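Down below is the structure, laid out as structure tokens.
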Amino acid sequence: MNEKDRQIQEIINSLSKKLGENPQTITESAKKGDIGKLLGKMDEKQAEKIRSILNDREKTERLLSSPQAQALIKKLSGEK
């Protein structure tokens, strides 16, 4: 496992602990684009912040173009 894969796994594991959800379930939900269930388990302030970003095209594009997001997308899509 390379450094980026390790970092992504750490993020997933951290999210898993915070949400009380299985890491595999989080990964599968992300792959399917089904984050509603995950948002429902978050603190309302955190969930609202994520909704705000996702509802703002410019913020979403900025977030998705970050190196961390690109690495996570590759990991979730099975790319190496």
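Data table
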quantity: Residue count, region 12-37 (criterion: modelled with pLDDT under 80 and touching a helix residue (DSSP H, G or I) at 6+ places or on another chain (Cβ under 7 Å)); calculated: 4
quantity: Verdict on Asp5 being open to solvent by 50 Å² or more (accessible area, probe 1.4 Å) and of a type in the set (Asp, Glu); calculated: no
quantity: First in region 9-35 and within 20 Å of Arg51 (Cβ to Cβ), second anywhere and basic (Lys, Arg) and surrounded by 12 or more Cβ atoms within 10 Å (Cβ to Cβ), Cβ under 9 Å, 6 or more apart; calculated: Lys18/Lys41; Leu19/Lys41; Glu21/Lys37; Glu21/Lys41; Ser29/Lys37
quantity: Whichever residue in region 54-80 is surrounded by 12 or more Cβ atoms within 10 Å (Cβ to Cβ) and farther than 27 Å from Glu3 by Cα and, among such residues, is modelled with the lowest pLDDT; calculated: Leu54
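The values are calculated or read from the model by the stated rules, or taken from the named source; none is laboratory data. From a predicted model like this one, the values you see are computed outputs, not experimental measurements. Here Cβ is always computed from backbone atoms with ideal geometry, including for glycine, and neighbour counts include all displayed protein chains. We work out accessible area using only protein heavy atoms, side chains counted, and drop any ligands, DNA or RNA first. Shrake-Rupley method; radii C 1.70, N 1.55, O 1.52, S 1.80 Å.
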